[in-house]
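Down below is the structure, laid out as structure tokens.
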Amino acid sequence: MSCIQVKNLKKSFIDRRRAGRGGERASLGNEILVLDNINLEFAEGELVCILGPSGCGKSTLLRMVAGFDFPTTGEVLINDEPVTGSRSDSIFVFQHSGLLPWMTVWENVELGVRHIQDPEKTQTIQEYIAMVELDRFEHHYPHQLSGGMLRRAELARALAVNPNTLIMDEPFSGLDFLTHMKVREEVVNMHEFIQKTTLVVTHDIDDALIMGDRVIVMSGRPSQVKLDVKLPYGRPRDVLKTPELMALRDEIFFMLGVSYVV
Amino acid sequence: MGYKKTVLPFITLFFILLLWELVTRFSGWSRNVFPGSIAVLTSMGELIANGTLLKNTVASLFRVSIGFSLAVVLGVPLGIILGRVEIAKLLFNPLIQFLRPISPLAWIPLAMLWFGIGDPPAIFLIFLASFFPMVVSTSVAVESIKPTYFQVAANFNFTRIEVLTKIVIPAIIPQVITALRMTIAIAWLVVVAAEMIAVQSGLGYLILDARNALRMDYVMVAMIVIGIIGLLLDFIMRSLGNIESTAWGRLTK
């Protein structure tokens, strides 16, 4: 069964910087096409990594899947139903922490399960906080946590809802090298465990090759799908020791405009 | 380290009082025009002993608390509405921006005509002085809430009430506390002026009454008390910001 479909999707923004200077469309400004005719299908349980140059609209694509934004033409379907708004069965993990800073880790995780009756609710919250190893930090506020802990707390909050889809926008950005690797490992383990459809936007080619069941490369603006490959390799995987992945890595670097890779 | 923080300001205070006394002694001015620090402190003791100071301080604080609380209770919700509802902003913002720069003191004649003599006109002036800053800061705070938080709310199916209680209100608290600090200072400035015209009590009245009696030492006592109370009010408002769930506001900006 196919879970998420993106059909003939186009998205354009209006450049308001030039608005109001002559011409009959002056009040609207110039239209800029960001995503041009995107057709994609994400199978249930797939871990898909989306790569592309910065500003190509990959985050915008995610936001439309999440229901935060809408296509100019075309549509996004989840289980054959058009996405009409944000819903709690597809949880978005924000690029810079989406935790509410005035709530503790516990209260943040509680958000997604707040309607559940109590013995079960407390148990669920405890379980997911323990899963990301934040047991001793459940009553800390986000500003008291490190970058990696913030990502893990947000992951716990997302998973506690038991969503069908996880949508992650640059989940490792701003982390130091080691934390980046650890959180990445955590996301991979989490995916092995729950097997939910997971879309990850990243700018790091190695992230995509290490994590993805499938890698999608998008071109610069107006953005189209340039490459869409499945990676039938088990995890954890060593990119350096897999010649096919190394070849793919070179190919993607070249696609993104880097021709000489050390 | 800790004792320096408490002791050093008092060293400054001591030398200021000393300098003040010396200046009055050698300035050649009459003691009635420029009383020295010793005389003023003695008069302060007098006014404390006969209860005048306490009575007038309580009167001023009473007016400020009523006027300021009214302004907060009405101003914060209105600010939230202006920040959240586009139509409300378009309708009322121009009016508020027009009224805001009119000094509360310009309202004195109307306040006296409408509310007579006594507490009501003074409270009205304090209300006016505090209301606009509270409305404007609150609406600015609401507008500057990160869109991410509203997306989180949508993602977790928050109701409108939940958006208000779990996102909007906690998100603006740090800025509202700052606004409270600024506004209580304004209210405290205005109460002195308001009490010089419409009432028979309060620190402003004490200053006016002392001036009429040519008691500059009493004027200075009132000024000193106004300063001390101002410090205390600021301290109280500032300590609101130490509540743990508002600490993020200090650290993320």
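Roughly what % of DSSP beta bridges within chain A run antiparallel, to the nearest 5? Walk me through the intermediate numbers first.
Values: 22 of 40 bridges.
Of those bridges, close to 55 percent are antiparallel.
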Quiz item: What is the sum of charges around residue A:46, taking Lys and Arg as +1, Asp and Glu as -1, for the other residues whose C-beta is under 11 Å from the C-beta of residue A:46?
Solution: 0
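Could you compute the net charge surrounding residue A:203? Neighbours are other residues with a C-beta less than 10 Å from the C-beta of residue A:203; K and R count +1, D and E count -1. Please list the in-between numbers first.
On the way: positive: A:58; negative: A:170, A:204, A:207.
Here the count lands on -2.
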Quiz item: Quick one: Cα centre-to-centre distance for the stretch A:216-236 and the stretch B:45-66, in angstrom?
Solution: 75 Å
Quiz item: Relative contact order for the stretch B:1-91 using alpha-carbon pairs under 8 Å, separation at least 6, rounded to a whole percent?
Solution: 13 percent
Self-check item: Gap separating the Cα centres of the stretch A:80-130 and the stretch A:40-72, nearest whole Å
Solution: 21 Å
Self-check item: Interchain or long-range residues, amide H under 5 Å from residue A:214's placed H
Solution: A:47, A:49, A:231
Quiz item: For A:15, A:238, what ranking results if the residue with the fewest other Cβ atoms within 10 Å of its Cβ goes first?
Solution: A:238, A:15
Practice problem: Pull out a ≥ b ≥ c, the square roots of the eigenvalues of the alpha-carbon gyration tensor of chain A, then state rounded if a/c is under 1.5, prolate if not and a/b is larger than b/c, and oblate in the remaining case. | Solution: oblate
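If contacts are Cα pairs under 8 angstrom and at least 6 residues apart, what is the relative contact order of the stretch B:36-242 in percent? Spell out each step's value before the answer.
Values: 237 pairs, mean separation 60.2, N = 207.
Contact order relative to length: 29 percent.
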Quiz prompt | Gyration tensor (Cα) of the protein assembly as shown, equivalent ellipsoid semi-axes in angstrom | solution = 62, 27, 22
Quiz item: Of the residues B:31, B:181, B:84, which exhibits the maximal mean-square fluctuation in a Gaussian network model of chain B defined by a 10 Å Cα contact cut-off?
Solution: B:31
Exercise. May I ask you to evaluate 6.51 cos²θ - 1.76 cosθ + 1.60, the Karplus curve with θ = phi - 60°, for each residue of the stretch A:49-66 and list the ³J(HN,Hα) values in order in whole Hz, giving x for glycine and proline?
Key: 9, 10, 10, x, x, 5, x, 7, x, 5, 5, 4, 4, 4, 5, 6, 5, 6
Quiz prompt | From phi via Karplus (6.51, -1.76, 1.60), per-residue ³J(HN,Hα) for the stretch B:205-222 in Hz, x at Gly/Pro | solution = 5, 4, 5, 5, 5, 5, 4, 4, 8, 6, 9, 5, 5, 5, 4, 5, 4, 4
Quiz item: Against the longest principal axis of chain B, how steep is helix B:169-195, in degrees 0 to 90 to the nearest 10, with axes from Cα atoms?
Solution: 30 degrees
Quiz item: Got a sec? Charge dipole of the stretch B:26-124, +1 on Cβ for Lys and Arg, -1 for Asp and Glu; which of B:73, B:116, B:49 is way out at the positive end?
Solution: B:73
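Excluding residue A:72 itself, what net charge comes from residues whose Cβ is under 12 Å from its Cβ, given Lys and Arg +1 and Asp and Glu -1? Before the final figure, lay out the partial values.
Details: positive: A:10, A:11; negative: A:31, A:36, A:69, A:75.
My count for the surroundings of residue A:72 gives -2.
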Quiz item: GNM on chain A, C-alpha springs below 10 Å: top fluctuator among A:144, A:117, A:126?
Solution: A:117
Quiz item: Charges only on Cβ, +1 for Lys and Arg, -1 for Asp and Glu: so what's the dipole of the protein assembly as shown about the Cα centre, in debye to the nearest 20?
Solution: 1840 debye
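Over chain A, what is the relative contact order in percent, taking alpha-carbon pairs closer than 8 angstrom and at least six residues apart? Provide the component values of the computation, followed by the final result.
Working: 488 pairs, mean separation 63.8, N = 262.
In percent, rounded to a whole number, it is 24.
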Quiz item: Among all the lysines, which ones have a C-alpha under 27 Å from residue B:5's C-alpha, if same-chain residues fewer than 8 places away are not counted?
Solution: B:253
Exercise. Would you tell me the mean number of C-beta atoms belonging to other protein chains that fall within 10 Å of each C-beta in B:145-152, as a whole number?
Key: 5
Quiz item: With the Cα gyration tensor of chain B giving a ≥ b ≥ c as the square roots of its eigenvalues, does the rule (a/c under 1.5 for rounded; else a/b larger than b/c for prolate; else oblate) give rounded, prolate or oblate?
Solution: oblate
Practice problem: Would you kindly derive the ³J(HN,Hα) couplings of the stretch A:34-48 from the backbone phi angles with the Karplus curve 6.51 cos²θ - 1.76 cosθ + 1.60 (θ = phi - 60°), listing them in order in whole Hz, with x for Gly and Pro? | Solution: 9, 10, 10, 6, 9, 10, 9, 9, 10, 6, 4, x, 6, 9, 10
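Please report A:49, A:3 as a ranked list, fewest other C-beta atoms within 10 angstrom at the top and most at the bottom.
Working: A:49 24, A:3 19.
Ascending number of Cβ neighbours within 10 Å: A:3, A:49.
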Self-check item: Residue with peak Gaussian network fluctuation, chain A [Cα springs, cutoff 10 Å], from A:13, A:137, A:94
Solution: A:13
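Computed from the coordinates by the stated procedures, all read-outs in this text should not be read as laboratory data. Worth saying up front: this structure is predicted, and the values here are computed from it rather than measured. Neighbour counts run over all protein chains shown; Cβ positions are idealised from the backbone, glycine included.
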